[in-house]
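Taking it in order: structure first as structure tokens, then the write-up.
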Amino acid sequence: MPDTMAGPAQPNEPTASPLRDPNARRAAAIPAGATGVIIIDLRQIAANWRALARRVAPAECGAVVKADAYGLGAERVIPALLAAGCRTFFVATIEEASTARRLASGASVYVLDGILPGAARDLASLGARPVIATLEEAVAWTALVKNGARAAPVAVHIDTGLNRLGMSAAEVAQLARADIAQRLDIALVMSHLACADEAKNPMNREQLETFNRLRASLPAARASLAASDGLMLGKEFHFDLVRPGYALYGGQASPQRVTPVAPVVRVSARILQVQNIPAGSRVGYSATYRADGPRRLATVAAGYADGVFRHASATSAEPGGAVAIRGKLAPIVGRVSMDLITVDVTDIGDPPPARGDLVDLIAPELPLEAVGASAKTIGYEVLTRLGARFHRLYLDGGD
Ligand SMILES: *Cc1c(COP(=O)(O)O)cnc(C)c1O
């Protein structure tokens with residue numbers, strides 16, 4: 001069971017985040033036998049949501065909590081967002097919708113994967129709102145109600161160029177003409193941007209225009225186009241509702257625009273062994289790293305089964321990822337294995353890293369984006385792959 005570490009009530013300023021102020025009390029809350037810990041600052045997630053809500057007002061700010069709130073724990077994240085004022089949640093699956101409805105029964109819960117064949121009744125009984133991407137789904141949903149009555153609210157997903165999920169222009173036209181359109185309660189019309197992390201990419205405006213053109217043929221409904229990066233593109237991308245996920249969790253995906261959010265996680269793992277190796281020693285499976293001088297190594301209890309990407313491995317020729325020790329980077333050397341990594345701590349000053357110490361895999365000084373880049377991936381994947389072996393500690397300010 002996750003623990004809660006209640007701290008003194010403090011203003012939600014990013015600089016006041018306990019993630020930046022590790023203290024002995026918190027360390028004492030981590031079980032001695034835990035090989036790693038994820039500290040999740042629920043107050044900062046709430047503060048991030050409020051900062052985004054202020055940025056997009058008068059548009060509404062929803063929250064994307066799919067994939068267990070990007071791996072951080074929907075059970076804790078959804079109530080924190082609800083308390084902050086969030087009233088619209090997006091999930092991917094029916095199971096996630098069930099969790100969200102249980103935790104936030106008064107809120108609207110949209111299911112991005114829509115209605116799988118045969119699943120309409122289950123979705124309806126949850127009171128969740130499917131985001132429908134095909135005419136078949138519209139038929140299945142309206143078939144639940146008899147005598148020509150109106151079905152429960154849905155969102156319609158229009159594909160404006162991503163070619164991933166959503167109705168094409170032809171399908172939107174077909175839906176607009178179909179009899180069942182009158183029986184659908186379309187609460188939201190939405191689309192998703194392909195290149196929102198590139199503010200200057202002309203595709204953003206093309207998709208905006210396509211969205212406006214296609215939604216005009218459907219019954220009037222609230223509209224939503226922007227996720228975390230899209231909402232930074234300006235007012236005209238906000239429509240009635242924005243759908244950030246990654247930014248709520250402290251992510252800064254776009255290199256060009258700084259989203260007004262701060263980090264919410266610190267992920268740490270224990271040092272199991274420290275050793276000095278002489279010049280010429282090889283490290284790890286396949287001996288891909290060879291020390292060019294005497295080095296001091298620490299073996300850390302986290303590997304690819306915990307979400308440390310194997311692509312973060314380092315050879316003598318090519319650097320890989322790193323961990324942070326008291327804010328200073330220590331590079332990974334050799335292969336990442338299932339449960340372990342080896343890091344070079346030669347240049348870490350006093351006190352020298354020791355057995356049992358926690359080193360940071362993700363921290364305000366080692367952000368998600370940097371961790372992703374060093375493993376040839378993105379921060380989103382880093383976050384959503386954090387493994388089940390970490391102890392989870394939630395900071396909630398005691399409220
Ligand atoms: C995942 C997702 C989002 C959230 O995206 P972020 O980049 O994490 O803000 C929004 N809309 C749709 C359709 C998504 O699939």
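The values are calculated or read from the model by the stated rules, or taken from the named source; none is laboratory data. Note that the coordinates shown come from a computational prediction; the quantities given were computed from them, not determined experimentally. FYI the Cβ positions are ideal-geometry reconstructions off the backbone, even for glycines, and counts take in every protein chain you see.
Counting only residues that are away from the ligand (no atom under 13 Å from the Cβ) and at pLDDT below 95, which one in the stretch 236-256 is nearest to residue 57 (Cα to Cα)? Among those that are away from the ligand (no atom under 13 Å from the Cβ) and at pLDDT below 95, it is 256. Quickly run through the stretch 172-211 and pick out the residues that are over 27 Å from the mean Cα position of the chain (by Cα), part of a helix (DSSP H, G or I) and not charged (D, E, K, R). Of everything in the stretch 172-211, those that are over 27 Å from the mean Cα position of the chain (by Cα), part of a helix (DSSP H, G or I) and not charged (D, E, K, R) turn out to be 172, 173, 174, 175, 176, 180, 181, 182, 210.
Answer yes if at least one residue in the stretch 345-366 is within 24 Å of the chain's Cα centre (by Cα) and assigned to a loop (DSSP other than H, G, I, E, B), and no otherwise. Yes, the stretch 345-366 contains at least one residue that is within 24 Å of the chain's Cα centre (by Cα) and assigned to a loop (DSSP other than H, G, I, E, B). Residue 137 passes every criterion in (1) within 16 Å of the ligand (Cβ to nearest atom); (2) touching a residue at least 40 places away in the same chain (Cβ under 8 Å); (3) under 22 Å from residue 101 (Cα atoms); (4) not β-branched (Val, Ile, Thr) apart from (2).
Meeting the requirement of 2 or more residues that are within 16 Å of the ligand (Cβ to nearest atom) and modelled with pLDDT of 95 or more, the helices (runs of 4 or more DSSP H) wholly within the stretch 1-115 are 42-56, 66-70, 74-84, 94-103.
Would you confirm whether any residue within the stretch 160-180 is free of Cβ contacts under 8 Å to residues at least 24 places away in the same chain and on the phi > 0 side of the Ramachandran plot?
Yes, the conditions are met somewhere in the stretch 160-180.
Residue selection: residue 261 satisfies the criterion of being within 14 Å of the ligand (Cβ to nearest atom) and at pLDDT 95 or above. If we keep just the residues of the stretch 212-224 that are surrounded by fewer than 16 Cβ atoms within 10 Å (Cβ to Cβ) and part of a helix (DSSP H, G or I), which is farthest from the ligand (Cβ to nearest atom)? Out of the qualifying residues, it is 213.
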